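One structure below.
The values are calculated or read from the model by the stated rules, or taken from the named source; none is laboratory data. Nothing here was measured: the structure is a model prediction, and the numbers come from that model. Backbone-built Cβ (ideal geometry, glycine too); neighbour counts: all protein chains shown. Each accessible area value is taken on the protein alone, full model and side chains, heavy atoms only, with ligands, DNA and RNA left out. Shrake-Rupley method; radii C 1.70, N 1.55, O 1.52, S 1.80 Å.
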Amino acid sequence: MKFTKTVLFSVLAMTAFVARAAQYPDLPEGIKSGTGAVIGDTVYVGLGGTGTIKFYSLDLKDPKAWKEIAKFPGGDRNQPVSGVVDGKLYIFGGYQKNAKGALNLVNDAYSYDPVTNTWTKLPTRSPRGLVGAAGASHGDKIYILGGSNINIFDGIFDDLATAGDDKAKQDAILEAYYDQAPADYFFTTELLSYQPSSNKWTNEGPGYPRAGAMFSIDGDKLMVVNGEIKPGLRTATTYQGKFGKNGVEWKQLPDLPGVKNQAQDGLAGAMGGYSNGHYIVTGGANFPGSVKQFKDGMNWAHKGLTKTYHNDIYEFSNGKWNVVGEYPINIAYGVAVNYGDKVLMIGGETDGGKALTEVKSMSFNNGKVVVE
């Protein structure tokens with residue numbers, strides 16, 4: 001084998017990786033494309049693409065077993081968004097089947113009070129489609145970035161439902177749907193916020209139109225990693241924002257690097273957060289070769305390609321991204337939450353879309369990433 005600089009770097013990076021025995025019990029069931037958050041020393045996780053309306057909690061100070069809490073009253077839903085303000089969990093959007101069996105976006109909102117173990121439907125609705133959106137809490141607000149256009153999202157699934165089993169009609173619908181430029185999907189371009197105390201949504205200024213991005217807030221800093229800029233096409237771009245007097249000020253960071261001598265096609269559904277002042281992220285899925293096909297003039301950029309899951313771990317510090325190891329399995333679309341200096345990795349899916357039950361933590365310190 002030719003010993004290239006890339007191979008040498010990968011070998012050196014692997015020496016900075018440590019795997020340890022799991023600290024946390026498995027989930028009672030696999031959860032993928034669900035949602036969750038930490039309130040105090042308890043993490044709450046539920047919903048997602050397996051059709052469950054259940055939510056579970058785990059005491060992180062004494063993590064012996066997951067406990068089922070009150071069932072979510074809004075029905076099963078995929079890709080909801082969540083956040084925490086003043087000790088309550090808030091759930092927004094996602095998608096579910098309508099009465100005709102077609103997948104449709106929902107824009108309602110609920111809160112959960114751990115003290116009373118009760119859900120409350122809120123008298124509000126999101127001003128934008130939140131499927132594929134990502135949320136993070138800051139102060140008395142929940143900030144939401146990205147998301148799909150409700151009319152276009154609902155339209156494609158309504159059309160497919162109308163086509164029934166007619167494959168020719170289905171193929172024509174999909175061809176028209178995928179043969180569009182990124183801007184023509186009208187993903188949400190604003191950074192949104194919801195303030196529970198006033199029940200008010202606010203346009204916080206420019207955001208980034210994408211779905212499935214990794215979005216985190218730590219102190220006064222916001223981080224956006226990759227995401228889908230149109231169905232099937234990801235981007236390797238990353239951005240950092242900072243809260244200021246005039247709102248959020250953004251700057252573009254270096255692109256996420258390629259690994260294993262391959263081009264970086266960007267990731268959707270990656271998982272990560274902050275650890276000891278470093279931002280770490282892993283997993284995600286893409287269609288290798290989609291960026292090249294798009295640059296070659298194919299709007300249906302992932303046509304003929306295979307969805308691929310990843311496990312490379314990236315770390316950002318001092319203005320650059322570094323590859324620092326590999327997660328034990330390929331993983332995407334799980335719940336990633338910060339707890340102290342650890343990032344909890346809860347559920348998700350792996351090759352073939354299999355829902356995961358495992359719970360691990362990632363941390364980075366003294367040049368080493370630790371997964372346990």
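Annotations for the structure displayed:
- Cα gyration tensor of region 225-372 - equivalent ellipsoid semi-axes, whole Å, descending: 25, 20, 14
- Mean separation of Cα contacts under 8 Å (6+ apart) over length of region 202-257, as relative contact order %: 27 percent
- Sites Glu175 and Gln262, calculated FRET efficiency, Cβ-Cβ separation with R0 22 Å, nearest 0.05: 0.15
- Portion, in percent, of the accessible area of region 234-372 that falls on carbon or sulfur, probe 1.4 Å: 46 percent
- Taking every C-alpha pair closer than 8 Å and separated by at least 6 residues, the mean separation divided by the residue count of the chain gives a relative contact order of 15 percent.
- Stretch gain in nm, segment Thr357-Lys88, where the contour uses 0.36 nm per residue and the Cα spacing is subtracted: 94.4 nm
- Accessible surface of region 39-168, 1.4 Å probe, proportion on carbon and sulfur as whole %: 46 percent
- Each label was represented as a point 7 Å from its Cα along the Cα-to-Cβ direction; for Lys61 and Glu249 these points are 4.0 nm apart.
- Taking the C-alpha atoms of the chain, convex hull volume expressed per residue in Å³: 145 Å³
- Restricting the trypsin sites (Lys or Arg not before Pro) of region 182-280 to loop positions (DSSP other than H, G, I, E, B) with no more than 16 neighbouring Cβ atoms within 10 Å leaves Lys245, Lys260.
- Only helices enter this figure: runs of n ≥ 4 DSSP H residues, each worth -39500 (n - 2.57), summed and divided by the residues of the chain, yield -3500 deg cm²/dmol at 222 nm to the nearest 500.
- Percent RCO, i.e. relative contact order, over region 252-296, from Cα pairs under 8 Å lying at least 6 residues apart: 31 percent
- Each residue, Val115 and Asp158, gets one label point 7 Å from its Cα in the Cβ direction; the gap between the two is 4.3 nm.
- DSSP beta bridge pairing in the chain, given as percent antiparallel to the nearest 5: 95 percent
- Zone of Asn203's modelled label, taken as backbone nitrogen in region 121-162 under 15 Å from a point 7 Å along Cα→Cβ: 127-129, 146
- Averaged over its residues, the chain has an accessible area of 44 Å² per residue, based on protein heavy atoms and a 1.4 Å probe.
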